1. What pairs can you find where one residue is in segment 47-76 and at positive phi, the other is part of a loop (DSSP other than H, G, I, E, B), and their Cβ atoms are less than 8 Å apart, with a gap of 6+ or different chains?
2. Taking the condition of being surrounded by 19 or more Cβ atoms within 10 Å (Cβ to Cβ) and at negative phi, how many residues in segment 77-87 meet it?
3. In segment 17-47, what residues are outside any strand (DSSP E or B) and at pLDDT below 90?
4. What tally of residues in segment 88-98 results from selecting those that are among the aliphatic types (A, V, I, L, M) and buried (at least 20 other Cβ atoms within 10 Å of the Cβ)?
5. I'd like to verify a number: residues in segment 29-63 that are of a type in the set (A, V, I, L, M, F, W, C) and touching an Asp or Glu at 6+ places or on another chain (Cβ under 8 Å), how many?
6. Taking residue 10, is it part of a loop (DSSP other than H, G, I, E, B) and modelled with pLDDT of 65 or more?
7. In segment 60-69, which residue that is part of a loop (DSSP other than H, G, I, E, B) and buried (at least 17 other Cβ atoms within 10 Å of the Cβ) is modelled with the highest pLDDT?
Amino acid sequence: MARIGIIGSIPKCVEDMKPILSCISVEKVKESCNPILPENIDWTKVDRNSWFMCIRPDNNYSYQFPICESENRDNDYLRAKLGMAYFHREKYLTYKIQ
């Protein structure tokens, strides 16, 4: 099983969250997962193994929210909630990939 580490500071402000061309296969995510609306996420069922990915369909740029990272769990998932809502407004699709 592969491990991913995040090094450095994770931005707290949504405007500082910079989408990238991901090392995770965006096409594989789009084929194997269905997009969800951020406001429909049942946060009582989200745990440390949950992982969300916001993908812009026209260019495949993405931003990820691994809930195993404490910054994405703190304050009732506030950073993840605000980030996914922001990317949704920017025309990204949200996927729960784990």
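1. 60/22
2. The initial filter retains those residues of segment 77-87 that are surrounded by 19 or more Cβ atoms within 10 Å (Cβ to Cβ), namely 77, 79-80, 83-84, 87.
Next, from what is left, pick out any that are at negative phi: 79-80, 83-84, 87.
Matching residues across segment 77-87 total 5.
3. 17, 18, 19, 22, 23, 24, 25, 26, 27
4. In the first step, residues of segment 88-98 are kept if they are among the aliphatic types (A, V, I, L, M); the result is 93, 97.
This time we only want the ones that are buried (at least 20 other Cβ atoms within 10 Å of the Cβ), so: none.
Result for segment 88-98: 0.
5. Residues of segment 29-63 that are of a type in the set (A, V, I, L, M, F, W, C), as a first pass: 29, 33, 36-37, 41, 43, 46, 51-55.
Those left that are additionally touching an Asp or Glu at 6+ places or on another chain (Cβ under 8 Å): 43.
Residues in segment 29-63 being of a type in the set (A, V, I, L, M, F, W, C) and touching an Asp or Glu at 6+ places or on another chain (Cβ under 8 Å): 1 in total.
6. Considered against the rule, which asks whether it is part of a loop (DSSP other than H, G, I, E, B) and modelled with pLDDT of 65 or more, residue 10 comes out as no.
7. Taking segment 60-69 as the starting set, the residues that turn out to be part of a loop (DSSP other than H, G, I, E, B) are 60, 67-69.
Filter once more, so that each one left must be buried (at least 17 other Cβ atoms within 10 Å of the Cβ): 67, 69.
On the way: 67: 94, 69: 90.
So, considering only residues that are part of a loop (DSSP other than H, G, I, E, B) and buried (at least 17 other Cβ atoms within 10 Å of the Cβ), the one modelled with the highest pLDDT is 67.
Here's the yes/no breakdown for (1) aromatic (Phe, Trp, Tyr); (2) modelled with pLDDT under 90; (3) assigned to a loop (DSSP other than H, G, I, E, B):
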site	(1), (2), (3)
49	no, no, yes
71	no, yes, no
78	no, no, no
81	no, no, no
88	no, no, no
94	no, no, no
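The values are calculated or read from the model by the stated rules, or taken from the named source; none is laboratory data. All figures in this text were calculated on a predicted structure; none of them were measured in a lab. Quick reminder, even Gly has a Cβ in these numbers, built from the backbone with ideal geometry, and neighbours come from all protein chains shown.
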